[in-house]
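A short worksheet on the structure shown next.
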Amino acid sequence: MWKGAVAMVIVGVVLVWLQYPRAVSQQEYLDHIKDKVVVICGASSGIGKHLAYKLGEQGAQIMIVARTQSKLEKVKEGAIAAGAKRVEIFPYDFSNVEESGSVIDRAVEVFGKIDYLVLNHAAMVSGFVSSNARHQETAFIKRMYNINTFSFFELTFKALPYLEKSGGHIIATSSMAGETPTSFSNIYTSTKHAVNGFFYSLQQELIARKSSVGITIGALGFIQTDDLTAVLGDDGIEIFPAFARGDVRECAKGMMNSLIVRPRTFTYPWTSNKMQRLLWFINPYYHEMINGQLPLEKAEELLKNFKERAQERDFQKGNF
């Protein structure tokens, strides 16, 4: 009993110490967002789409990148309507790592510079790797890493010289799966651990070099995008308590603010993710407790439903 009491005290003290991110003033938006050039990779839906709208409201110049041109066209219309100074689209599939630097080349060709790079694209994949033959295939794993990890590296290498000139900033969208393990998304979790390892190390390297370039790693939990909400359905949503469900617009605003405030990590949803991080640190068996609350049979049934809904919506090419 006393162990639980001590843990609660520690949680309380840490949560008080780790305050919410500070507010950003309108003058800061004018100074740091208006007319700035922002490249958003993974901008056709979800967080990236709403980030484009938020940046548009502040008069940014934006290049939006994703696989599907028709979706990018709709996001462009929305960003311009919101007030963006200029919006360019660049359709690209990041499973092709070798040519991903062309995204940066095109941005510099069009705008003459880059102020901010947002690496938000991702291939989501769920399923138990020990019982899923497809998830064990080298070609499948390589494709996941190309999109979620290696293209992040390539884009960063290509953009760094331009960001050095502008004193720019990078946001690398990661996940709480990059900090704590999950039993039902082994491959995805491993890609995000790699993202965290690379960008936190590069962050420290740039600090040591006194570089003008900053890096924020996005430690994101469950964000209720339209697509993900539809794919998960009520049975999937209810797994997450209300305080652990992030609003996609609020998340996008937090990411935009991170371009100004430049935190080392942007954590959202704040409360649930801080608690998850702390509980994992205090008790390495924390996730085994969670697994015990969701029997394997129930988890497999949920994953089966997710996959069917994803295929119906052509969401993430059926990676679920």
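The values are calculated or read from the model by the stated rules, or taken from the named source; none is laboratory data. What you are looking at is a predicted structure, and each value in this text was computed from that prediction instead of being measured. Heads up, the Cβs are rebuilt from the backbone with ideal geometry, glycines too, and the neighbour counts pull from every protein chain shown. Areas reflect the complete protein model, heavy atoms only, side chains present, ligands, DNA and RNA absent. Shrake-Rupley method; radii C 1.70, N 1.55, O 1.52, S 1.80 Å.
Look through region 72-100, keep the residues that are in contact with a strand residue (DSSP E or B) (Cβ under 9 Å, 6 or more places away or on another chain) and basic (Lys, Arg), and return whichever of them is nearest to Ala123 (Cα to Cα).
For region 72-100, the residue satisfying everything is Lys76.
On the basis of being assigned to a helix (DSSP H, G or I), over 17 Å from Val39 (Cα atoms), open to solvent by 10 Å² or more (accessible area, probe 1.4 Å) and modelled with pLDDT of 95 or more, does Tyr162 make the cut? Quick ask: steps written out before the conclusion?
Values: assigned to a helix (DSSP H, G or I): yes; over 17 Å from Val39 (Cα atoms): no; open to solvent by 10 Å² or more (accessible area, probe 1.4 Å): yes; modelled with pLDDT of 95 or more: yes.
No; evaluated as a whole, the condition is false for this residue.
Could you say whether any residue in region 172-187 is open to solvent by 50 Å² or more (accessible area, probe 1.4 Å), within 26 Å of Val75 (Cα to Cα) and among the hydrophobic types (A, V, I, L, M, F, W, C)?
The answer is no, given that none of the residues of region 172-187 is open to solvent by 50 Å² or more (accessible area, probe 1.4 Å), within 26 Å of Val75 (Cα to Cα) and among the hydrophobic types (A, V, I, L, M, F, W, C).
Here's the yes/no breakdown for (1) open to solvent by 10 Å² or more (accessible area, probe 1.4 Å); (2) within 20 Å of Thr216 (Cβ to Cβ); (3) of a type outside the set (Ser, Thr, Tyr):
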residue: Val110; (1), (2), (3): yes, no, yes
residue: Phe128; (1), (2), (3): yes, no, yes
residue: Ser131; (1), (2), (3): yes, no, no
residue: Thr156; (1), (2), (3): no, yes, no
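Would you be able to say whether some residue in region 120-140 is at pLDDT 95 or above and touching a helix residue (DSSP H, G or I) at 6+ places or on another chain (Cβ under 6 Å)? Spell out the reasoning first.
At the first step, the residues of region 120-140 found to be at pLDDT 95 or above are 120-121.
Subsequent filtering for residues that are touching a helix residue (DSSP H, G or I) at 6+ places or on another chain (Cβ under 6 Å) retains 120.
Yes, region 120-140 has at least one match.
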